Amino acid sequence: MQTSKQYRISSEKPRTHAFSKSSITGQASVIGIILTIVTILICGKTETKRQKMDLRKSSALLVVVLGLLSCHVEAQSVETKCQTGKYPPDPKTKVGTFVINLDLPPEQRWTELAKAKGPQIRYLIDGFKEFIKDFGNASKYIIDFVDSQGASLDKTLPYPFGGELKGISAATGMNLGEVVLYNLFYEFFTVCTSIVAEDSTGKLYHARNLDFGLFMGWDVKNKTWAITERLRPLIVNLDWQRKGKTVFKSVNYAGFVGILTAIKPNLFTFSMDERFNIDGGFIGIIKWLLGNHNQTWMGFLTRDVMENATSYTEAQIKLQKTVMLAPAYFILGGNKPGQASVITRSRDSALDTWPMANASKWYILETNYDHWEAPLFLDDRRTPAHKCMDKMEQKNAGFSGIFNVLSSEPMLNKLTTYTALMQVDAGSLETYIQDCKDPCTPW
């Protein structure tokens, strides 16, 4: 479904002044979690044993969160060290490729991959269901609903996604509700850095770090996030084919049928970063579960764009106008010099389209904050990324230079699962599993 609302083409550059009141509202996810826990600790009644247990869990979580914040603020106050010589990385970290045959019936397209990665998918979803309950009643409602109504959820999804999820369910032995949940949580839990850069000859490179698992099971002893650790074995490159020919390529967590990172050779490149917003993914998902299906899953929209859009402009329009479950940033690169943009989305429409020419001239980058506002002081990856890109210089733009930038802290952190590198003219996609060694910032 499309909206008739107008979007604007932004001419503003990123601001570096102190963040405004409006930016605090839009960036309140991390602080909101902390304040919620504090409220529980101060105001919560503990009339039952269950409630007392919940209070103890909240107390422990608060201690961990405050400890992490202390470490993180200290880490971000240290001078950024822009890495060099990180590319090529260890060949053992390079991600392998599976073929998704779009000529097969939807129920059969994922069978090989789902069987190969079934135990890891089960391990991840069990952990996810355990840790997400700490996020409050909204997340618990979603889990309970998909567990109880899972068998019929495929009928609510558009073609071919219902059939694909049903096929994954059969291949892994998981119930359908769990497979739906597995695909839903990518709508609102990704924390990322995306960059499109143009070299001195006009060639475009698109790269991204995908960070996932914030506040999901911090292991104090090993200094790792539990969900992040469970995700890394699921990372795969996918070659989506019709009649034996590549339609597009993507980086996926096995069993996720949407698209977060992808390249359509010779046409355009794409990545998605989460946008923190009060009117965020939980609200859209609950509306969908309650029967309002006038919104599109972000992953379904981006999959449709990669399968069917035949140009940068067509992809941009679809990403600007389609009503979605969750807000997002869409980072799009084309096949001509200067052809790149960041689309800032609410659930209903595009709020802003920011072209590379109005950003940093030869590159554009996005983390998880509106470019016209300063990033949250607890999570400023933007400033260090700009520093490292400017230090790299346009003459060194390419896989090696950008991989070095994305391997520099805090762009690389304990949540980072992979770095993907794309070059549209060559149709090339390289993906490397990332693991930030200690000492390393938690996010």
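The values are calculated or read from the model by the stated rules, or taken from the named source; none is laboratory data. Everything numeric in this text was worked out from a predicted model, so none of it was measured. Note: ideal-geometry Cβ built from the backbone for every residue, glycine included; neighbour counts use all protein chains shown. Remember, those area values only see protein heavy atoms, side chains included, never the ligands or the DNA or RNA. Shrake-Rupley method; radii C 1.70, N 1.55, O 1.52, S 1.80 Å.
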- What is the magnitude of the charge dipole of the stretch 309-443 about its Cα centre, with +1 placed on the Cβ of each Lys and Arg, -1 on the Cβ of each Asp and Glu, and no other charges, expressed in debye to the nearest 20? 180
- Query: What is the calculated FRET efficiency for LYS94 to ARG242, with r their C-beta to C-beta distance and R₀ = 22 Å, to the nearest 0.05?
  - Reply: 0.25
- In the stretch 165-241, the trypsin sites (Lys or Arg not before Pro) that fall in loop regions by DSSP, at most 11 other Cβ within 10 Å: LYS221
- Note on the structure: Rounded to the nearest Å, the spacing of the alpha-carbon centers of the stretch 298-377 and the stretch 192-236 is 18
- Note on the structure: Checked the stretch 368-443 with the C-alpha gyration tensor, a ≥ b ≥ c its square-rooted eigenvalues, rounded below a/c of 1.5, otherwise prolate if a/b is larger than b/c and oblate if not; verdict oblate
- Item | Contour minus Cα-Cα distance for ASN292 and ASN358 (0.36 nm per residue) | 20.0 nm
- Stretch ASP126-GLN394 to full length: gain in nm at 0.36 nm per residue minus the Cα-Cα span? 92.0 nm
- Message: Greater than 27 Å separation of Cα atoms is the criterion. Which listed pairs, LYS92/LYS243; LYS117/LYS243; LYS155/LYS264; LYS203/LYS318; LYS94/LYS437, meet it?
- Response: LYS92/LYS243; LYS155/LYS264
- Note on the structure: Among GluC sites (Glu not before Pro) in the stretch 247-326, those in a DSSP loop whose Cβ has at most 11 other Cβ atoms within 10 Å are none
- Quick shape check on the stretch 82-237: root eigenvalues a ≥ b ≥ c of the Cα gyration tensor, a/c under 1.5 is rounded, otherwise prolate if a/b tops b/c, else oblate, and it reads oblate
- Task: Name the shape class, rounded, prolate or oblate, that the alpha-carbon gyration tensor gives for the stretch 249-345, where a ≥ b ≥ c are the square roots of its eigenvalues, rounded holds for a/c under 1.5, and otherwise prolate holds if a/b is larger than b/c and oblate otherwise.
- Result: prolate
- Query: Roughly what % of Cα-Cα distances in the stretch 299-383 sit above 21 Å, to the whole percent?
  - Reply: 31
- Task: Among LEU378, SER360, TRP297, pick out the residue whose Cα is farthest towards the positive end of the charge dipole of the stretch 231-386, where Lys and Arg carry +1 and Asp and Glu carry -1 on C-beta, about the Cα centre.
- Result: TRP297
- Message: Accessible area of the stretch 201-306 with a 1.4 Å probe: how many percent of it is carbon plus sulfur?
- Response: 51
- Point-charge dipole on Cβ atoms (K/R +1, D/E -1) for the stretch 90-235, about Cα centre, debye to 20: 320
- Query: What length, rounded to one decimal in nm, is gained on full extension from ASP425 through to LYS115, with 0.36 nm per residue of separation minus their alpha-carbon distance?
  - Reply: 108.2 nm
